[in-house]
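Worksheet: one structure, shown below.
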Amino acid sequence: MNGNQMQGELFSGVDLSCENQLKKELSLTKEILENWQKKVQTYQSKLFKEKYTDQAQGSFFKRDLRSSVKSLNPLKLTPLPLNFWRWPISTHQGPAIYIVMDKPINLESHLLLYIGETLAADKRWKGEHDCKNYLMAYEEAFKKAGLATQLSIRFWIDVPKDTKPRRKLEQELIQHWLPPFNKETRNRWSTPFTTQTHY
């Protein structure tokens, strides 16, 4: 078998053209993107509109897990730019639940895009992160469609210091909010910004 045959077999069944990629990019029209946002908003807006008590941001340890999940108001957490980790002084340190949100100009309420947990709030976002890639694709798609994004990240530091209960809390929050960039919920929203990347 010569080298040319081997090379052909290596790529057999693979579309080497950019046609499929171009179709994906062209298919994300303004209408499709706005409709996708509205689907997520329809579900999440009722959660944002729920009445929160002053007790909502109280100590995690004085409440059970279920009441913590239902009482957390992400809008009461300080929004930071996604590049906050480049600041000379870290605003948050230690264990945290972090929440990535957008406030689309064309919608009445925020969109909660991602929920994660970390042992080190000041370091988790510095390195490689699946969500960073989705956010780049999200911003790029909306920019190409002439739609603006207002992305922010927020930290909830009133969480368990032990990893296991913190991860349980993260999962409860994901099931409550159904953020479209978390792997557990992507299929529900047919998230178009995650189809080109595999992790």
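The values are calculated or read from the model by the stated rules, or taken from the named source; none is laboratory data. Computed from a prediction, not measured in an experiment: that's the story for all the values here. Note that each Cβ is placed from the backbone with ideal geometry, even for glycine, and that neighbours are counted across all protein chains shown.
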Looking at this structure, is W189 touching a strand residue (DSSP E or B) at 6+ places or on another chain (Cβ under 7 Å) and among the hydrophobic types (A, V, I, L, M, F, W, C)?
no
Looking at this structure, is T163 of a type in the set (V, I, T), at pLDDT 90 or above and within 21 Å of L75 (Cα to Cα)?
no
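Every residue, every condition in (1) surrounded by 13 or more Cβ atoms within 10 Å (Cβ to Cβ); (2) part of a strand (DSSP E or B); (3) modelled with pLDDT of 80 or more, yes or no:
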residue: H92; (1), (2), (3): yes, no, no
residue: Y98; (1), (2), (3): yes, yes, yes
residue: I105; (1), (2), (3): no, no, yes
residue: S109; (1), (2), (3): yes, no, yes
residue: Y114; (1), (2), (3): yes, yes, yes
residue: E117; (1), (2), (3): yes, yes, yes
residue: R124; (1), (2), (3): yes, no, no
residue: E128; (1), (2), (3): no, no, no
residue: C131; (1), (2), (3): yes, no, no
Are there any pairs with C-beta distances below 7 angstrom linking a residue in region 173-199 that is surrounded by fewer than 16 Cβ atoms within 10 Å (Cβ to Cβ) and part of a loop (DSSP other than H, G, I, E, B) to a residue that is at pLDDT 95 or above and β-branched (V, I, T), with the two at least 6 apart or on different chains, and if so which?
E184/I174
Counted residues in region 140-170 being closer than 14 Å to N106 by Cα and of a type in the set (S, T, Y) come to 1
